[in-house]
Each structure stands twice: as C-alpha cells, then as structure tokens.
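The structure appears below as structure tokens.
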Amino acid sequence: MASKLLRAVILGPPGSGKGTVCQRIAQNFGLQHLSSGHFLRENIKANTGFPRTLVQAEALDRICDLDLVITLNIPFETLKDRLSRRWIHPPSGRVYNLDFNPPHVHGIDDVTGEPLVQQEDDKPEAVAARLRQYKDVAKPVIELYKSRGVLHQFSGTETNKIWPYVYTLFSNKITPVQSKEAY
C-alpha cells in the first residue's frame, strides 16, 4: 500500500519551537522532517546560503504544491527569553534551553559529552534584530500562503500547549502512527 505524501511547511521566528513541532510531527505521523535551518547552515558553510524569503517560496512552488503551511506566532518577550537561554551542539544540531530543556551537565552535550555553544545571534544584543528581520521577510510569505488558503496560524507561549492543535490539524490530513501523547 502506498503511503500518502503530505507536503507541509512550518514557519516561525527564531526560537518559536519549529524544530520541536517538526520532530513531533515526524514521530507521530511517520513523516520525514527536512530542516531549512539545517540546510541554511550547511549552505552558509559552503558560501551558498539560500534565504527564507518570498523568492524561496516561489521557487518551492515550481517544485511542488503544499498541502498546508503552519505559522507559529509567539510573543516577542517569550522569543527573546528562549533565544537568550538557548545553547546548541553544533555537529548534531541538538538544542538545549537552560529553563525547560537543560543539559544534564551545564555546557556539555548529553549524548556526546562535547561542549555546547551559544550562537552569536542568540546572544541578547542580537535577538531583537533577528526577530525584526524575520518579521519583515516572513510577512509576504505568510500573506502568499494565506491568500492560497493553506495557512494555519497557531499562537501561544508554550509548544506543549500549541502541539495538540497542530496534531489535530495533521490528523485531519494523514493517519497518525502513534498518539499525540507519545512524545
């Protein structure tokens, strides 16, 4: 039996929980998560960065039709707090937050024991500029998908409170492989 193909995009500012939501979607619905952030970081290393803009959305249109687009609306103060408390393990992309997902040992990756780093653009002085830039770039992309009737917006301050709504939306499109509680 052929599996259903579902093409979805998750939009949201830095620190909005896109990675967490995508990981849960992949686990619960048996889908593959392709992270534009991962691809962007790889392209920056190779000096071939591809921006997340209206031009990118239009390029994606030429490749495929999207079934749904989700945008995560998180208050500025929440994002600022999350980003300034975020530390990552660069080789794997694992993200820790000192408030709600701290590493077992401060500054050390739980899996490898290697040091964690705080990205320059996650430092408090850079966060406000990143969030303003995201808002300016994302607005036309969000409007494009809204005009096509595929945009679904979710607002809140906690991924765990947004997740049940995302799960329900996906459940209406594709059969879950496990229940939403299994995350």
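State which residue is nearest to the chain's Cα centre (by Cα) when the search covers only the range 61-114 and only residues that are among the aliphatic types (A, V, I, L, M), open to solvent by 60 Å² or more (accessible area, probe 1.4 Å) and more than 28 Å from His152 (Cα to Cα). Steps first, answer last, please.
From the range 61-114, those among the aliphatic types (A, V, I, L, M) are 63, 66, 68-70, 72, 74, 79, 83, 88, 95, 98, 105, 108, 111; that's our starting set.
Now restrict to residues that are open to solvent by 60 Å² or more (accessible area, probe 1.4 Å): 63, 95, 105, 111.
From what is left, the residues that are more than 28 Å from His152 (Cα to Cα) are 105, 111.
Numbers: Val105: 25, Val111: 22 Å.
Result: Val111.
Please pick out the residue among Ile70, Ile74, Ile108 that is modelled with pLDDT of 90 or more, under 23 Å from Tyr145 (Cα atoms) and touching a Pro at 6+ places or on another chain (Cβ under 9 Å).
Ile74
Please enumerate the residues belonging to the range 93-103 that are part of a loop (DSSP other than H, G, I, E, B) and at pLDDT below 90.
If the condition is that a residue be part of a loop (DSSP other than H, G, I, E, B) and at pLDDT below 90, then Gly93, Asp99, Phe100 are the ones that fit.
Name every residue in the range 141-168 that is under 15 Å from the mean Cα position of the chain (by Cα) and exposed (fewer than 12 other Cβ atoms within 10 Å of the Cβ), in order of residue number.
Answer for the range 141-168, where residues must be under 15 Å from the mean Cα position of the chain (by Cα) and exposed (fewer than 12 other Cβ atoms within 10 Å of the Cβ): just Glu158.
Does Tyr134 satisfy the condition of being among the aromatic types (Phe, Trp, Tyr) and out of contact with any helix residue (DSSP H, G or I) (no Cβ under 7 Å at 6 or more places or on another chain)?
Taking the combined requirement at face value, the residue satisfies it.
Within the range 127-164, which residues are free of Cβ contacts under 8 Å to residues at least 40 places away in the same chain and assigned to a helix (DSSP H, G or I)?
Hits for the range 127-164 are Ala129, Arg132, Gln133, Asp136, Lys139, Glu143, Lys146, Ser147, Asn160, Lys161, Pro164.
Looking only at the range 169-183, which residues are touching a helix residue (DSSP H, G or I) at 6+ places or on another chain (Cβ under 7 Å), open to solvent by 60 Å² or more (accessible area, probe 1.4 Å) and not charged (D, E, K, R)?
Correct list: Val177, Gln178, Tyr183.
I need the full set of residues from the range 123-140 which are under 11 Å from Phe76 (Cα atoms) and open to solvent by 60 Å² or more (accessible area, probe 1.4 Å), in order please.
Those that are under 11 Å from Phe76 (Cα atoms) and open to solvent by 60 Å² or more (accessible area, probe 1.4 Å): Arg132, Lys135.
The values are calculated or read from the model by the stated rules, or taken from the named source; none is laboratory data. Just so it is clear, the model here is predicted, and its values are computed rather than measured. Here the Cβ is made from the backbone with ideal geometry for all residues, glycine too, and neighbour counts use every protein chain on show. Remember, those area values only see protein heavy atoms, side chains included, never the ligands or the DNA or RNA. Shrake-Rupley method; radii C 1.70, N 1.55, O 1.52, S 1.80 Å.
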